[in-house]
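The values are calculated or read from the model by the stated rules, or taken from the named source; none is laboratory data. Model, not experiment: these values are computed from the prediction. Please note: Cβ atoms are built from the backbone with ideal geometry, for glycine as well, and neighbour counts cover all protein chains shown. The accessibility values were calculated without ligands, DNA or RNA, using every heavy atom of the protein model including side chains. Shrake-Rupley method; radii C 1.70, N 1.55, O 1.52, S 1.80 Å.
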Amino acid sequence: MGPDSDESHLPHHDKESQDETTVITPLPPRATTNVPGGEFNPNSDCMRDSSQILAPPQLSSRMRHIRQAMAKNRLQFVRFEATDLHGVSRSKSIPAHFFQEKVSHGVCMPRGYLEVIPNPKDSEMNRIRATCFNSDIVLMPEVATFRVLPWADRTARVICDTFTVTGEPLLTSPRYIAKRQLSQLQASGFSLLSAFICDFCIFGVPEFLNSKTISFPASTFLNNHDQPFMQELVDGLYHTGANVESFSSSTRPGQMEICFLPEFGISSADNAFTLRTGVKEVARKYNYISSFFIETGFCNSGILSHSLWDVDRKKNMFCSTSGTEQLTITGKKWLAGLLKHSAALSCLMAPTVSCRKRYSKDSKDLKESVPTTWGYNDNSCIFNIKCHGEKGTRIENKLGSATANPYLVLAATVAAGLDGLHSSNEVLAGPDESIDFYQAETSEIPLKLEDALVALEEDQCLRQALGETFIRYFVAMKKYELENEEIAAERNKFLEYFI
């Protein structure tokens, strides 16, 4: 497939024409902030095809559209949403008539709402200045994400970036880290087209629910999924700017799969983030409960399908011009980076004990790790290169679980791929190629979360890309969870958290 044949799948949506609630203009950025790796403006990278910085008259025009949407929908409240480290939405709601004021000044929230640790007093946490944990942070809205929520009465939402009270980006913010990596990718002359494929489960509401016992009646979604529920969910996601390409029942009763249309930049992670809240709220309307765990305690999968494009978004850099269904040299270098960092990547993409069961579910042997696999059009591989269809060549990163933070999945994938582009002197050859080739440096995937944390701590590339502050905090948080959580109760605890 030629490099230009993939353009037809690009999301050329005229989003403003959908309804007046959809605004695609970004908030004028705060002062640029110096971060590790160079100067980065957290609102300036190419997201949502609206990267231009608005002059005040343009911003006024956009705010006028928002005010019109508020009046048309008789909005009462606007949620200011931000992701915590687990990828769960944490929000503050304000009366709608205060929205314009809060766009300028932001909304304050206790920092502990986003950095989820009950009592960060151990020695590891003290090294990251536990006093800062008890301070406020400021939610600054990205106006491009303002949407009226179809599943919440007279309520809109806006996704926020997080800052300290002194105006510095919060270095542990997953969305900030993802934006920074996308900015690094753009500086290297590339852009990322990606989409998440997410599994989740729908259950009937149990008659009895407490911290020790969760019992769900079996659902009947396997062959005859609940069309009204799914149709309302998919339509609602569309009106929040998250376009669903397909949905289907999956392998178990009550298990569903949603595939989003690919988008450039941060939008793919925003879509997955929106799903996590939207599916819960729509499920409640139908007397269901949604969960990203299945009844056996395993996590559902969360696949990141992605391809690398030139900075002008006209050419798929994974597509070969020869017509052969093989990765280009650029694609093989990118894949080599993913293989090299797979052990550390798995820590961010399968961040709980239960998540890691997926890696060994087909093996009866007691092992400490499993090999990192890749192949062409092979769904059993961890990195599956798909060369068929109108989307062109893309890589499915199947390390992730549905409970992983989508912003961290996106950021870590870009960081590993960039390292492959910058450091691979040789490239991979396909399994059927007879020429001599460089054996990419691969790492086995640890089955224990404790071993994955060690791999993440020792991965200097990801430490530098994601930031020392984030790595120290993430590792300390996971160690705290491991030390304070009874494994037998893990499923119930996380079901309650992710419901």
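Among the residues of this structure, residue 62 does not count as one that is surrounded by 15 or more Cβ atoms within 10 Å (Cβ to Cβ), at pLDDT below 90 and touching a Cys at 6+ places or on another chain (Cβ under 9 Å). When the stretch 344-354 is filtered for residues that are touching a strand residue (DSSP E or B) at 6+ places or on another chain (Cβ under 6 Å) and surrounded by fewer than 24 Cβ atoms within 10 Å (Cβ to Cβ), only 354 remains.
Kindly indicate which of 426, 444, 390 is touching a strand residue (DSSP E or B) at 6+ places or on another chain (Cβ under 9 Å) and either at pLDDT below 95 or under 21 Å from residue 305 (Cβ atoms) (or both).
Only one candidate qualifies: 444.
With the condition kept exactly as written, say whether any residue in the stretch 206-223 is modelled with pLDDT of 90 or more, in contact with a Pro (Cβ under 7 Å, 6 or more places away or on another chain) and closer than 27 Å to residue 84 by Cα. The answer is no; no qualifying residue exists.
Scoring residue 98 on the criteria (1) more than 21 Å from residue 166 (Cα to Cα); (2) open to solvent by less than 30 Å² (accessible area, probe 1.4 Å) leaves a single failure, condition (2).
Kindly indicate whether residue 474 is at pLDDT 90 or above and either part of a helix (DSSP H, G or I) or more than 25 Å from the chain's Cα centre (by Cα) (or both). Judged against the criteria, residue 474 is a match. Count of the stretch 155-182 residues, restricted to those that are surrounded by fewer than 20 Cβ atoms within 10 Å (Cβ to Cβ) and modelled with pLDDT of 95 or more, is 1.
Restricting the stretch 264-276 to residues that are open to solvent by less than 10 Å² (accessible area, probe 1.4 Å) and not in a helix (DSSP H, G or I) leaves a set whose member that is farthest from residue 84 (Cα to Cα) is 265. In this structure, residue 257 qualifies as over 22 Å from residue 142 (Cα atoms) and assigned to a strand (DSSP E or B).
Listed by first and then second residue, the pairs with beta-carbon distance under 7 Å, at least 6 apart or on different chains, first residue in the stretch 75-89 and farther than 13 Å from residue 277 by Cβ and part of a loop (DSSP other than H, G, I, E, B), second charged (D, E, K, R) and open to solvent by less than 20 Å² (accessible area, probe 1.4 Å), are 85/115. Scan the stretch 282-297 and tell me whether some residue there is buried (at least 18 other Cβ atoms within 10 Å of the Cβ), modelled with pLDDT under 95 and assigned to a helix (DSSP H, G or I). Among the residues of the stretch 282-297, at least one is buried (at least 18 other Cβ atoms within 10 Å of the Cβ), modelled with pLDDT under 95 and assigned to a helix (DSSP H, G or I), which makes the answer yes. For residue 468, all conditions in the list (1) open to solvent by less than 40 Å² (accessible area, probe 1.4 Å); (2) among the acidic types (Asp, Glu); (3) at pLDDT 90 or above hold save one; what is the number of the exception? Evaluating residue 468 over (1) open to solvent by less than 40 Å² (accessible area, probe 1.4 Å); (2) among the acidic types (Asp, Glu); (3) at pLDDT 90 or above leaves (1) as the failure. Quick one: what pairs do we get from the stretch 231-247, first residue farther than 17 Å from residue 194 by Cα and in a helix (DSSP H, G or I), second open to solvent by less than 10 Å² (accessible area, probe 1.4 Å) and among the charged types (D, E, K, R), C-beta under 9 Å, 6+ apart or different chains? Close Cβ pairs satisfying both conditions: 239/147. Filtering the stretch 74-84 to residues that are of a type in the set (A, V, I, L, M) and open to solvent by 10 Å² or more (accessible area, probe 1.4 Å) leaves only 75.
Here residue 261 passes the criteria (1) open to solvent by 30 Å² or more (accessible area, probe 1.4 Å); (2) on the phi < 0 side of the Ramachandran plot; (3) at pLDDT below 95 except the one numbered (3).
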